[in-house]
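Colleague: Below you'll find the structure I mean.
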Amino acid sequence: MISTLRESTAHVFVDSIDAPTLNELDAHHLLRVLRVKPRDAVTLSNGKGKWRSCVVAADSVIEVTSEVFADSAPSWPLTVAFSVVKGDRPEWTVQKLTEIGIDEIILLAATSRSVVRWDNGRADKNVERLRRVAREAAMQSRRTWLPVVHDVTELGSIPNLFIADPSGVPIDASHRTIAIGPEGGFAQDESANSMGLVSLGETVLRAETAAVSAAVLMSSQRRMRNK
């Protein structure tokens, strides 16, 4: 990561990188929560790889202090799909997947062994909340490419999908989309149309731990290929 991004007091996303303005929520977060001071260095990104440095005045006016830089897109996108579980674990999972560098996050529609089942109205509301979680996590981790959090999606409609399963093969660079099942796993007929099974290690993992483990292993493979 470029040191300017890493060392900035805060990082925030804006709609226009050429004429940046803060929305009310981001202005409150910077000035009231993080207590950014008028000459503190802040970085801005449009979420599509472009970013620049600035300072933010007490009235939320942005003064840009650098040219616009552009980070290349990842050499290939990484996708993790996971079954929704109870409590706040979906938020935690999305947060960690974003911090690790996953590019696309898919919330799976209920499968035969799912305990949590969202109706359409609840699904829309929850997905919007998870998109906010991803955005906040991307700000914290200084990402310049925002991850995509997809609408709730049926397992069988995801292309080039591998299923996480203890009996699978070790993850390598060809495994770029991995699905994590509910606590009881996927039924055999649900995983039959996948590209195959991949292993996350020797132990049985909780669903949220499995999602993070898959993300770490996939990201590691991508980094090694890019060296």
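The values are calculated or read from the model by the stated rules, or taken from the named source; none is laboratory data. All figures in this text were calculated on a predicted structure; none of them were measured in a lab. Cβ: placed from backbone, ideal geometry, glycine included. Neighbour counts: every protein chain shown.
Colleague: Quick check on my filter: what residues within the stretch 196-214 are polar (S, T, N, Q), closer than 16 Å to residue 97 by Cα and assigned to a loop (DSSP other than H, G, I, E, B)?
Modeller: Once the filter is applied, which keeps residues that are polar (S, T, N, Q), closer than 16 Å to residue 97 by Cα and assigned to a loop (DSSP other than H, G, I, E, B), the stretch 196-214 yields nothing.
Colleague: Across the stretch 180-195, what is the number of residues that are assigned to a loop (DSSP other than H, G, I, E, B), surrounded by 18 or more Cβ atoms within 10 Å (Cβ to Cβ) and either touching a residue at least 60 places away in the same chain (Cβ under 8 Å) or of a type in the set (Lys, Arg) (or both)?
Modeller: Selection size over the stretch 180-195: 4.
Colleague: Inside the stretch 196-227, can you point out the residues that are of a type in the set (D, E, K, R) and either touching a residue at least 40 places away in the same chain (Cβ under 8 Å) or more than 19 Å from residue 104 (Cβ to Cβ) (or both)?
Modeller: Listed by number, the residues that qualify are 202, 206, 208, 222, 225, 227.
Colleague: Let me ask you something else. Name the single residue that is surrounded by the most Cβ atoms within 10 Å (Cβ to Cβ) among those in the stretch 154-179 being among the charged types (D, E, K, R) and part of a loop (DSSP other than H, G, I, E, B).
Modeller: Here the residue is 176.
Colleague: As an exercise: evaluate residue 48 against (1) at pLDDT 95 or above; (2) farther than 20 Å from residue 133 by Cα and give the number of the one condition it does not meet.
Modeller: Only one criterion in (1) at pLDDT 95 or above; (2) farther than 20 Å from residue 133 by Cα is unmet by residue 48, namely (2).
Colleague: Taking the conditions exactly as written (closer than 30 Å to residue 176 by Cα, surrounded by fewer than 14 Cβ atoms within 10 Å (Cβ to Cβ) and under 23 Å from the mean Cα position of the chain (by Cα)), does residue 83 satisfy them or not?
Modeller: Considered against the rule, which asks whether it is closer than 30 Å to residue 176 by Cα, surrounded by fewer than 14 Cβ atoms within 10 Å (Cβ to Cβ) and under 23 Å from the mean Cα position of the chain (by Cα), residue 83 comes out as no.
Colleague: Going by the structure shown, is residue 128 surrounded by fewer than 17 Cβ atoms within 10 Å (Cβ to Cβ) and not in a strand (DSSP E or B)? If you could, list the steps in order and put the result at the bottom.
Modeller: Numbers: surrounded by fewer than 17 Cβ atoms within 10 Å (Cβ to Cβ): yes; not in a strand (DSSP E or B): yes.
For residue 128, the condition - surrounded by fewer than 17 Cβ atoms within 10 Å (Cβ to Cβ) and not in a strand (DSSP E or B) - is met.
Colleague: Taking residue 226 and the conditions (1) farther than 16 Å from residue 102 by Cα; (2) surrounded by fewer than 13 Cβ atoms within 10 Å (Cβ to Cβ); (3) not hydrophobic (A, V, I, L, M, F, W, C), which numbered condition does it fall short on, given that it satisfies the others?
Modeller: Of the numbered conditions (1) farther than 16 Å from residue 102 by Cα; (2) surrounded by fewer than 13 Cβ atoms within 10 Å (Cβ to Cβ); (3) not hydrophobic (A, V, I, L, M, F, W, C), the odd one out for residue 226 is (1).
Colleague: A follow-up question, please. Select, from 129, 117, the only residue that is closer than 17 Å to residue 88 by Cα and more than 21 Å from the chain's Cα centre (by Cα).
Modeller: Values: 129 fails: more than 21 Å from the chain's Cα centre (by Cα).
Answer to the check: 117.
Colleague: Quick check, is residue 43 over 30 Å from residue 216 (Cβ atoms), outside the structural domain of residue 190 (by TED's automatic domain parsing) and modelled with pLDDT of 95 or more?
Modeller: no
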